[in-house]
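Heads up: the structure comes next, in structure tokens.
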Amino acid sequence: MGTPHSKDYFENIKKQLSPACRKYWENHTKYIAQGMIHSGKFEHYFRLFRNSLMPFIHSKSTIKTLLDKKTELEQITFYNTKWNTSRWQLLFKLFFSKFVLGRFGRTKAYLNQVEISVANFLYDQADKHLQHSDCQSNYFLHYIFTGNFGGQLPFYLRKENFGRIKENISALKLKQGLIQEFITEESNFKYCNFSNIFEYMSKEEFSKFQQLLLKNLPNGAIISYWNLMVDRVFSDTFEGTFSLYNQAKTQLTDNGFFYKRFITEMKNE
């Protein structure tokens, strides 16, 4: 939920917002009151999972035990003896099926390029992560199961990072539109994080995007992005144009355990 002073904070800063942004939030003050971090479509999807489905699978005490501190062996044992029940498997795969996810969690277009079983893929990813002790400190997982981040916070919410973020906030420029509109030779971007936007792209669109990067990014530019259920890797698809920048980083999944891989590549000379 939002804090009791959330609306007051908005009143203090709204004059600094663009007219369109200010108008939007003035028309959606309920999101401010309930906490903006809880108001996204995907957050609503997880809330539905947490409040409507999980009570039929596991009790709050069982969820707490899953997330409690324990050894790797204890985590594996608990998962296989207490957590990974037939009911968990069945309802998890039902809720995270392509149909349900496309209707309530993501847009249908997000899944157009997916050719694998969405439910089986997401279950397998969760299966691996929940048997690992790292899941105990995963703030995303805490949020999914409990509605809050628990004792672990994302980097941007940690007190020790506040000063550094505040010092550099003036360097942040917000722009709205398709990424293709902003990648130009004049922009001279040397570092790009594309999230997992390539999940939406057909192979033809992905090829066009690659041509855009080749034309406008300087040699040596570093790009990073995620693959979830659709394989899109520049260095694999377009040989000689990009190369893996850091093999170790390519294996990272961090707290986003659903993702298949995180990729960093460099534009070749």
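For region 78-114, a residue qualifies if it is in contact (Cβ under 8 Å) with a residue 24 or more places away in the chain, under 19 Å from Tyr259 (Cβ atoms) and of a type outside the set (A, V, I, L, M), and the qualifying residues are Phe92, Lys93, Phe95, Phe96, Gly105, Arg106, Tyr110, Asn112, Gln113. Counting only residues that are part of a helix (DSSP H, G or I) and either open to solvent by less than 60 Å² (accessible area, probe 1.4 Å) or hydroxyl-bearing (Ser, Thr, Tyr) (or both), region 57-73 holds 6 of them.
Condition check ((1) aromatic (Phe, Trp, Tyr); (2) on the phi > 0 side of the Ramachandran plot; (3) open to solvent by less than 60 Å² (accessible area, probe 1.4 Å); (4) not in a helix (DSSP H, G or I)) across all residues:
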site: Leu94; (1), (2), (3), (4): no, no, no, no
site: Phe99; (1), (2), (3), (4): yes, no, no, no
site: Gly102; (1), (2), (3), (4): no, no, yes, no
site: Tyr110; (1), (2), (3), (4): yes, no, yes, no
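Within region 165-220, the residues that satisfy the criterion of being among the polar types (S, T, N, Q), under 25 Å from Lys108 (Cβ atoms) and in contact (Cβ under 8 Å) with a residue 40 or more places away in the chain are Asn196, Ser202.
The values are calculated or read from the model by the stated rules, or taken from the named source; none is laboratory data. This one's a predicted model, so the numbers in the text were calculated from it and none came from an experiment. Every residue, glycine as well, gets a Cβ built from its backbone with ideal geometry; the counts of neighbours run over all protein chains shown. Heavy atoms of the whole protein, side chains included, go into the accessibility calculation; ligands, DNA and RNA do not. Shrake-Rupley method; radii C 1.70, N 1.55, O 1.52, S 1.80 Å.
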